[in-house]
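Some notes on the structure that comes next.
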Amino acid sequence: MAKTIQAIRGMNDILPTQSAAWQYVESVLRDVAAAYTYQEIRMPVLESTDLFKRSIGEVTDIVEKEMYTFDDRNGDSLTLRPEGTASCVRAGNEHGLLFNQTQRLWYLGPMFRHERPQKGRYRQFNQFGLEAFGMEGPDIDAEVILFSARLWQAFGISEQVELQLNSLASNEARANYRDALREFLRAHEAQLDEDSKRRLDTNVLRVLDSKSPETQAVLANAPKLSDYWDDASRAHFDGLCKRLDAAGVRYTLNERLVRGLDYYNRTVFEWVTTELGAQGTVCAGGRYDGLVEQLGGKATPAVGFAMGMERLVLLLEAQDKIPAQQPVDVYVIALNDDAELIAPAVAENLRSQVTGLKVQLHSGSQNMKKKLAKADKSGADYAVIVRESDFEIKYLRDREQTDRIAQTATDVATIVSGH
Ligand code: ATP
Ligand code: MG
């Protein structure tokens, strides 16, 4: 027998039994996006490598060790997108969507990072993201956060997620803080973990989210970013908090929240859960006012977030929040060879006349017992047995179980009898 070929490690199939959950999640996301007047944008999954190097930053985990980068047949360096924001800004610049305009955009699709696969962490995963361009006030920061809060409400998991907020302030304020933090950490270098030692020179802010208890102990006495906030960033953050307060959204200030991508400034936030083990961040985002210009466009303020779809689906499954789906409503069976000729027409008639009715037509000539067993296994509420000149409705579940069954059965009876 030929050797079977397996999927690439960390890249998952979404099987038929799982796809209903995904479709449910996606439909809620689309509906909420429409309610906030965000429009969908679809970008390619391949971009030139420079796009991510210039936006995410050369000394970030993603660019240093997680990207799928290769030379194509022309020798150009391409990268499978590790995230959506850079592509979205690239597309916005390229098509003139950003300068002097406001845009509210969303996207949904696969992202690629070469990480160690584990629960909630994969090499191909999906993100739903929002990006709002051209608005500089804290009102739009509040809007994207309220959008995310509404999602949790719609999914019934508001109690399972917590909002953490911070401000990275202006580039200048952050640079001053970086110097102060570096100086402080140098004095305690011996107690730091290896990664953090390395980051002292390259990306000292990332030391703040080190998982090492020793490093965290050192950080307890480190200078605070909020002591370096510039006045405008402080006012912006204050404006955001007031709007969240007024809208009844709870949050905690997390001074160690810095995010792993270089392009953020001012507001950063994460929605975290304790229900998923180590991979607890379901949604993360913030403001990136410098990125559009950095990628060659005219300066345009921007804010957005990205949500990990796999983590959301895992959380919904763990909380039993995926609504059950009726796979089949009606199973159509022919009584004999002659009836088999008209059974497809009966099924067509049902599909034409009852919007949304899920009709499965039996395929193959088996005996009636086997056909009914299949009908039952399909999950259908009832079978329609087509005879040459009439039909029979056979209830497979408790007839009075739901109004829906009673209603569609009545519809079906009317339709089939008129056939
Ligand atoms: P983490 O700290 O978990 O590595 P991150 O900071 O790298 O996350 P972002 O780049 O902010 O993640 O991506 C936004 C969201 O996308 C994350 O909060 C998470 O829900 C999801 N995500 C990121 N990387 C992965 C992955 N490898 N597999 C599944 N989901 C992911
Ligand atoms: Mg990561």
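Every condition in (1) more than 16 Å from the chain's Cα centre (by Cα); (2) surrounded by 11 or more Cβ atoms within 10 Å (Cβ to Cβ); (3) more than 16 Å from ligand 1 (Cβ to nearest atom) holds for residue 24 except the one numbered (1). Scanning region 303-317 for residues that are of a type outside the set (Asp, Glu), within 16 Å of residue 275 (Cα to Cα) and more than 8 Å from ligand 1 (Cβ to nearest atom) yields 313, 314, 315, 316. The set of residues from region 193-236 being out of contact with any helix residue (DSSP H, G or I) (no Cβ under 7 Å at 6 or more places or on another chain), outside any loop (DSSP other than H, G, I, E, B) and buried (at least 18 other Cβ atoms within 10 Å of the Cβ) is empty.
From the residues in region 62-75 that are assigned to a loop (DSSP other than H, G, I, E, B) and surrounded by fewer than 12 Cβ atoms within 10 Å (Cβ to Cβ), which one is nearest to ligand 1 (Cβ to nearest atom)? Selected residue: 72.
One line per residue, one yes/no per condition, for (1) closer than 25 Å to residue 65 by Cα; (2) in contact with a helix residue (DSSP H, G or I) (Cβ under 6 Å, 6 or more places away or on another chain):
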residue	(1), (2)
95	no, no
101	no, no
111	yes, no
130	no, yes
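Contact annotation: residue pairs with Cβ atoms under 8 Å, 6 or more positions apart or on different chains, pairing a residue in region 60-73 that is assigned by TED's automatic domain parsing to the domain that holds residue 47 with a partner that is assigned to a strand (DSSP E or B) and within 12 Å of ligand 1 (Cβ to nearest atom), are 67/112; 68/112. Pairs meeting the criteria (first residue in region 20-47 and free of Cβ contacts under 8 Å to residues at least 60 places away in the same chain, second residue part of a loop (DSSP other than H, G, I, E, B), beta carbons under 9 Å, at least 6 apart or on different chains) are 23/325; 44/81; 46/72; 46/81; 47/81.
With respect to (1) under 27 Å from residue 120 (Cα atoms); (2) small (Gly, Ala, Ser); (3) touching a helix residue (DSSP H, G or I) at 6+ places or on another chain (Cβ under 6 Å), the lone exception for residue 297 is condition (1). Scanning region 258-280 for residues that are within 16 Å of residue 311 (Cβ to Cβ), more than 14 Å from ligand 2 (Cβ to nearest atom) and among the polar types (S, T, N, Q) turns up 273, 274.
Look at (1) in contact with a Leu (Cβ under 9 Å, 6 or more places away or on another chain); (2) within 16 Å of ligand 1 (Cβ to nearest atom); (3) farther than 12 Å from residue 167 by Cβ; (4) of a type in the set (A, V, I, L, M, F, W, C) and you find that residue 291 fails only one, number (1). When residue 172 is tested against (1) crowded, with 20+ Cβ neighbours inside 10 Å; (2) farther than 21 Å from residue 311 by Cβ, only condition (1) is not met.
Taking residues in region 254-274 that are among the acidic types (Asp, Glu), and partners anywhere that are within 13 Å of ligand 1 (Cβ to nearest atom) and part of a strand (DSSP E or B), the pairs with Cβ atoms closer than 6 Å and at least 6 places apart or on different chains are 270/164; 270/281; 270/284. Within the option set 78, 98, being closer than 17 Å to residue 297 by Cα, more than 14 Å from ligand 2 (Cβ to nearest atom) and among the hydrophobic types (A, V, I, L, M, F, W, C) holds for one residue only, 98. Of all residues in region 179-190, those that are surrounded by 14 or more Cβ atoms within 10 Å (Cβ to Cβ) and part of a helix (DSSP H, G or I) total 5. For region 31-57, the set of residues classified as within 16 Å of ligand 1 (Cβ to nearest atom), out of contact with any Ser or Thr (no Cβ under 8 Å at 6 or more places or on another chain) and outside any helix (DSSP H, G or I) consists of 45, 57, listed by residue number. Just one of (1) within 22 Å of residue 178 (Cα to Cα); (2) β-branched (Val, Ile, Thr); (3) within 12 Å of ligand 1 (Cβ to nearest atom) trips up residue 218, so point out which. The number of the failed condition is (3). Out of the residues in region 34-61 meeting the condition of being among the small types (Gly, Ala, Ser) and either more than 16 Å from ligand 2 (Cβ to nearest atom) or surrounded by fewer than 12 Cβ atoms within 10 Å (Cβ to Cβ) (or both), tell me which one is nearest to residue 84 (Cα to Cα). Among those residues, the one meeting the criterion is 48. When we screen 161, 204 for residues that are within 22 Å of residue 308 (Cβ to Cβ) and β-branched (Val, Ile, Thr), the only hit is 161.
Screening the candidates 124, 118 for the property of being within 15 Å of ligand 2 (Cβ to nearest atom) and out of contact with any Phe, Trp or Tyr (no Cβ under 8 Å at 6 or more places or on another chain) yields one hit, 118.
The values are calculated or read from the model by the stated rules, or taken from the named source; none is laboratory data. Just so it is clear, the model here is predicted, and its values are computed rather than measured. All Cβ positions, even for glycine, are placed from backbone atoms using ideal geometry, and neighbour counts span all protein chains on display.
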